[in-house]
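I have placed the structure first, in the form of structure tokens, so that the comments after it can refer back to it.
The values are calculated or read from the model by the stated rules, or taken from the named source; none is laboratory data. All values derive from a computational prediction rather than experimental measurement. Please note: Cβ atoms are built from the backbone with ideal geometry, for glycine as well, and neighbour counts cover all protein chains shown. Surface accessibility is based on the protein's heavy atoms, side chains included, excluding ligands, DNA and RNA. Shrake-Rupley method; radii C 1.70, N 1.55, O 1.52, S 1.80 Å.
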Amino acid sequence: MLKRKNVSYSARDRKRMKIGFLYAVPWLIGFIIFKGYPFLSSLYYSFTDMNLQNSSYWYTLDNYREIFTDPQMLKAIGITFKYAFMTVPLKLIAALFIAYILCFPIKGVNLFRTAYYIPSVLGGSIAVSVLWKALFQKQGVINNLLMVFGIEGPSWLGDPDYALFLICLLHVWQFGSSMIIFLAALKGVPKDLYEAASIDGAGKWKQFFKITIPMISPVIFYNLVTQLCAAFQEFNSAYVITNGGPNGATTLISLLIYNNAFQKFDMGMASAQAWVLFIIVGGLSLVAFMSQKRWVYYSDEEGGR
């Protein structure tokens with residue numbers, strides 16, 4: 001049985017730790033005020049019928065009962081799942097494909113890397129969403145270009161079959177951050193593995209699936225979890241481009257929470273919906289972490305399969 005070692009700190013070490021703690025105090029205060037308190041208070045309010053227009057409220061479980069019986073909420077959950085399961089795989093595939101291409105000695109490769117990364121710098125900004133809306137309006141740039149070839153473009157944002165797909169396309173286009181992470185991982189794959197595989201007669205595709213994918217699987221797992229969490233929290237594009245329409249076809253859970261909180265002022269219901277979203281994201285993340293034992297390869301023995 002291992003015994004705990006008695007660690008003694010000198011006066012200088014204790015002074016440094018106190019100074020380090022003092023430097024961390026402003027962050028701790030900010031975290032408690034702007035993160036910890038809202039997090040816990042939302043849980044408290046989720047069990048009430050709190051309304052910003054009425055200072056009094058009752059304790060109730062009706063919010064959670066209504067969530068799982070309200071057709072609007074169930075539809076929003078389904079749309080959010082559909083959005084996430086469309087966006088995340090396409091985004092990761094696009095990011096990995098471009099990162100793999102940019103590993104080759106191409107002339108001007110740094111320029112291409114910068115160009116592919118720029119959309120991610122813009123992120124989920126309002127300006128990009130406004131630009132995307134202008135491109136795909138009925139009389140927008142895309143339809144005007146189609147008219148040049150004699151094609152009458154559809155009402156992209158007014159058709160439920162196209163609206164959600166366009167929002168997904170916007171975020172697939174912004175794959176730069178995942179691409180940079182994949183690029184760093186691809187650069188770290190040992191070259192001697194490819195040389196040995198080439199000697200054994202393995203082609204490029206076989207090397208990719210038998211060597212590259214297993215070696216970068218921890219990075220694939222990291223990008224999967226982070227992008228999955230981001231997808232379920234998406235708000236800006238659905239709000240700016242379609243405002244949840246047409247006919248609720250792009251009403252994501254986050255947008256429904258916003259509508260309840262700041263349009264209907266029903267903070268109790270909004271808090272309950274936010275916690276349901278938190279549980280969904282936490283559950284999917286837990287499933288991802290449990291599944292990594294089957295497909296994520298770690299080179300060290302302690303973290304390996």
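A few comments on the model shown:
- Split the accessible area of the chain by element, probe 1.4 Å, and carbon with sulfur accounts for 66%.
- Gap separating the Cα centres of region 45-84 and region 250-286, nearest whole Å: 7
- Label-point separation, Ile101 to Ser155 (7 Å along Cα→Cβ), nm: 3.6
- Placing R0 at 45 angstrom, the Cβ-Cβ distance between Met290 and Asn247 gives a FRET efficiency of 0.75 after rounding to 0.05.
- For Thr48, nonlocal amide neighbours, meaning residues 5 or more places apart or on other chains whose placed amide H falls under 5 Å from its own, are Thr60.
- Between Thr226 and Tyr57, the modelled label-to-label distance comes to 3.4 nm, taking each label 7 Å out from Cα in the direction of the beta carbon.
- Dimensionless Rg/Rh of region 149-305 - Kirkwood Rh, Rg from C-alpha atoms: 1.12
- Rounded to the nearest 20 debye, dipole of the chain from Cβ charges on Lys, Arg, Asp, Glu: 1420
- What the Kirkwood sum gives for region 6-94 is a hydrodynamic radius of 18.4 Å, with every pair of different alpha carbons counted.
- Summed over the residues of the chain and divided among them, the accessible surface reaches 64 Å² per residue at a probe radius of 1.4 Å.
- Residue among Val128, Ser46, Leu183 farthest towards the positive dipole end of the chain, charges placed on Cβ: Leu183
- Too-long pairs where the Cα-Cα distance tops 23 Å, listed order kept, from Lys82/Lys133; Lys107/Lys187; Lys91/Lys187; Lys107/Lys206; Lys75/Lys264; Lys82/Lys206: Lys107/Lys206; Lys82/Lys206
- Across region 168-305, Cα pairs under 8 Å and at least six residues apart give a relative contact order of 22 percent.
- Accessible surface, 1.4 Å probe, highest first, among residues Lys133, Lys91: Lys133, Lys91
- Counting all C-alpha pairs of the chain, share separated by more than 33 Å (%): 46
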